Amino acid sequence: MRRMRLFMVGFLLASVAASAATEVAPLAAAPGAYLFRNVRIWDGRSDAPYAGEVLIVGNRIQSLSHAGIAPAPGLHPVAIDGGGRVLTPGFIDAHVHMSSVLTRQEAQEADPVYVAALEIRGAEQALLRGFTTQRDVAGAVFGLKRAIDAGYVVGPRIYAAGAALSQTAGHGDDRHYIDPPRRLGGGLTLEERTGMTTIADGVPEVLAAARDQMGHGAAMLKVMASGGAASEFDPIEVLEYTPEELRAAVEVAASFGTYVTVHSYNSASTRRAIEAGVRCIEHGHLVDEPTMRLIAERGIFLSTNVVVYEVPPPGISETQRAKFLQVRAATDAMMNLAKKYHVKLGFGTDLVFGLEQMARQSREFTLRARWFSPVEILRQATSGNAELLAMSGRRNPYPGKLGVIEEGAYADILLINGEPLQDITLLEHPDVALALIMKDGRIYKNQLSSAGAAH
């Protein structure tokens with residue numbers, strides 16, 4: 001039944017994509033050659049931008065120069081005058097759920113065509129906020145990724161984990177009290193039917209579930225290792241999965257050349273996961289100082305988020321709301337510890353339960369200004385997150401360079417109005433801040449005038 005439902009959603013997503021193709025195509029100029037002139041290049045790593053030019057050929061950055069670029073004979077790129085604007089890499093969101101377009105109550109009765117249409121719309125909106133790549137850490141988005149990559153619909157590159165693994169009564173088990181367990185004849189949960197999670201108990205089931213996600217095309221594996229805020233019945237302090245179960249998931253990921261990331265808020269679950277070989281922690285808001293030091297010493301990524309806790313999402317209970325507020329109250333201490341120990345910090349948002357919630361994605365830039373400078377935040381959202389994506393190894397669906405402005409890197413480029421390296425808060429309003437959005441050498445938004453072919 002679950003496979004049939006996921007097949008139907010995928011088929012309907014493809015159908016909607018195909019029917020929308022004639023409308024989507026004009027939004028993106030076909031890849032060709034572009035020469036950005038009169039821009040200040042921030043390369044994703046440096047402390048400050050520099051004046052120069054950038055030549056794009058196809059979907060890659062061919063050359064950079066502090067002086068002028070003379071295109072090769074026979075190449076006639078379209079010249080774009082940046083008007084002195086800052087040119088940056090496209091942004092990367094390291095923690096999204098692109099299929100979470102409805103509240104749980106709404107999802108129980110939703111038509112799959114409606115859900116697919118919302119997912120397509122949400123993908124386009126994310127790209128138009130400047131997020132050219134997203135790391136989806138739980139959800140059935142393989143069909144959406146395929147449609148985007150094939151050019152049928154508009155959206156970011158997607159690094160997909162597929163369904164997150166959860167133990168019974170864990171963060172991914174969304175049954176109600178009255179629902180019978182599997183061992184007594186209970187069926188699949190809503191999140192299992194929609195591909196958000198898969199319940200697996202014991203080493204054999206974890207091995208099978210992990211292999212399933214690899215078979216679907218996952219770039220990495222996601223495992224629920226502690227209680228969570230958005231789940232009803234598991235306190236955040238709970239440890240989930242035994243060391244043996246966690247190691248089983250790590251072994252499967254390693255055999256496919258990739259890694260495991262875990263949902264983990266507290267210190268004990270985080271330490272257990274690290275000792276099992278996990279290479280990335282999602283959230284981490286309640287970890288203590290010794291655990292944060294361990295994260296730093298082991299070179300573990302901490303893919304955390306702020307904006308999702310600022311305003312608890314709709315459709316949750318008072319118990320869930322209290323947990324969201326608990327995490328929000330712990331965020332300041334967590335961020336200060338991460339900064340103290342120079343932890344590799346990912347930029348993620350984790351916004352769920354509707355497109356209205358996801359529309360707040362860019363506010364993450366503003367909220368992080370409490371702890372970090374603009375350049376530190378921009379590094380987190382570009383080259384830093386790109387390092388996290390590259391950990392997918394042989395499973396990397398886009399093995400070129402992301403998150404940087406360098407020769408040979410993917411042509412994912414933003415031109416920004418204003419001075420983001422001085423005032424990061426302007427990025428909270430991407431409709432005003434972003435003058436041009438390019439992904440994979442295609443222009444999806446352009447408020448500038450082209451000067452014709454460059455010679």
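Overview of values
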| read-out | value |
| --- | --- |
| If the convex hull is drawn through the Cα atoms of the chain, its volume per residue in Å³ | 129 Å³ |
| ³J(HN,Hα), Karplus 6.51/-1.76/1.60, whole Hz, each residue of segment 383-400, x for Gly, Pro | 5, x, 5, 4, 5, 5, 4, 5, 5, 5, x, 5, 8, 5, x, 9, x, x |
| Student exercise, the chain dipole from Lys, Arg, Asp, Glu Cβ charges, in Debye to nearest 20 | 720 debye |
| Rounded tilt (10° steps) of 2-24 against the dominant C-alpha axis of the chain | 20 degrees |
| DSSP bridge pairs, segment 91-371: antiparallel proportion in percent, nearest 5 | 5 percent |
| Normalised alpha carbon radius of gyration of segment 30-103 [divisor 2.2 N^0.38 Å] | 1.40 |
| Out-of-range pairs (alpha-carbon distance over 26 Å; input K323/K439; K344/K445; K222/K344) | K323/K439; K344/K445 |
| Ranked by how many other beta carbons lie within 10 Å on average, peptides 269-281, 386-398, 128-140 from highest | 128-140, 269-281, 386-398 |
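Every number in this text was worked out from the coordinates using simple rules, so none of it is lab data. Keep in mind that what you see is a predicted model, and the values were worked out from it rather than measured. Cβ atoms come from the backbone with ideal geometry, glycine included; neighbour counts cover every protein chain shown.
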